[in-house]
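The values are calculated or read from the model by the stated rules, or taken from the named source; none is laboratory data. Given the structure is predicted, the values throughout are model-derived calculations rather than measurements. Here Cβ is always computed from backbone atoms with ideal geometry, including for glycine, and neighbour counts include all displayed protein chains.
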Amino acid sequence: MKWNDLTQIDQVQQIIKNSYEKPQIIFKHSTSCSISFMAKMRLESKWHDVSKDVDLHYLDLISHRNISNHIAETFSVYHESPQVILVKDGEAEYDASHFDISVEEINESLEYIYE
């Protein structure tokens, strides 16, 4: 599992652009939250089960809250932490937070996108 660090607001525009080629996943992580730590571990431990090729983006919320706010506004999703957002064709097709984050749900969303 290879994370692309999300550290600049202008990277969000590149994520949108790239989402027209293949799905993009943003993982918003609070490095000071045990729930966020557990969600990240669960995601990473089962990532080999993901059925489609996607780009992965990691956002450290503590260091980059402004980017998190920009993502929430850009994709019209309520800010949560931890949170996964699946972006395809410039739109948030799926988002989940806390213990609802699962590889199984991500796979279901990817299958729906590719129908």
- prompt: Hey, among the residues in segment 92-114 that are hydroxyl-bearing (S, T, Y) and within 11 Å of the chain's Cα centre (by Cα), which one's farthest from F37 (Cα to Cα)?
  reply: Y94
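Does segment 58-69 hold any residues that are more than 18 Å from M41 (Cβ to Cβ) and surrounded by 16 or more Cβ atoms within 10 Å (Cβ to Cβ), and which are they?
First, pick out the residues of segment 58-69 that are more than 18 Å from M41 (Cβ to Cβ): 63-69.
The answer is H64, I67, S68.
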message: Out of the residues in segment 90-115 meeting the condition of being of a type in the set (S, T, Y) and outside any helix (DSSP H, G or I), tell me which one is nearest to E21 (Cα to Cα).
response: Y114
query: Since E115 meets every condition but one in (1) surrounded by 15 or more Cβ atoms within 10 Å (Cβ to Cβ); (2) free of Cβ contacts under 8 Å to residues at least 12 places away in the same chain, which condition does it not meet?
result: (1)
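Every residue in segment 34-57 that is surrounded by fewer than 16 Cβ atoms within 10 Å (Cβ to Cβ), closer than 21 Å to S97 by Cβ and not basic (K, R), please. Let's see the steps before the verdict.
If we filter segment 34-57 for residues that are surrounded by fewer than 16 Cβ atoms within 10 Å (Cβ to Cβ), which is where we start, we get 34-35, 37-38, 41-42, 44-49, 51-53.
Within this subset, residues satisfying the condition of being closer than 21 Å to S97 by Cβ are 34-35, 37-38, 41-42, 44-47, 49.
Those that are surrounded by fewer than 16 Cβ atoms within 10 Å (Cβ to Cβ), closer than 21 Å to S97 by Cβ and not basic (K, R): S34, I35, F37, M38, M41, E44, S45, W47, D49.
Could we say that I26 is at pLDDT 90 or above and in contact with a His (Cβ under 9 Å, 6 or more places away or on another chain) here?
Numbers: at pLDDT 90 or above: yes; in contact with a His (Cβ under 9 Å, 6 or more places away or on another chain): yes.
Yes.
A quick yes/no check of all residues on (1) more than 15 Å from W3 (Cβ to Cβ); (2) without any contact (Cβ under 8 Å) to a residue 40 or more places away in the chain; (3) within 14 Å of the chain's Cα centre (by Cα):
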| site | (1), (2), (3) |
| --- | --- |
| I16 | yes, no, yes |
| S19 | yes, no, yes |
| K28 | no, no, yes |
| T31 | no, yes, no |
| S34 | yes, yes, no |
| F37 | no, yes, no |
| S45 | no, yes, no |
| R65 | yes, yes, no |
| P82 | no, no, yes |
- prompt: Residues in segment 18-45 that are in contact with an Asp or Glu (Cβ under 8 Å, 6 or more places away or on another chain) and among the basic types (K, R): how many?
  reply: 2
field: From the options V87, V77, residue that is in a loop (DSSP other than H, G, I, E, B), surrounded by 17 or more Cβ atoms within 10 Å (Cβ to Cβ) and among the β-branched types (V, I, T)
entry: V77
- prompt: Do we have M41 as without any contact (Cβ under 8 Å) to a residue 24 or more places away in the chain and out of contact with any Lys or Arg (no Cβ under 9 Å at 6 or more places or on another chain) here?
  reply: yes
query: When segment 70-108 is examined, which residues are found to be of a type in the set (F, W, Y), farther than 18 Å from M41 by Cα and out of contact with any strand residue (DSSP E or B) (no Cβ under 8 Å at 6 or more places or on another chain)?
result: Y78
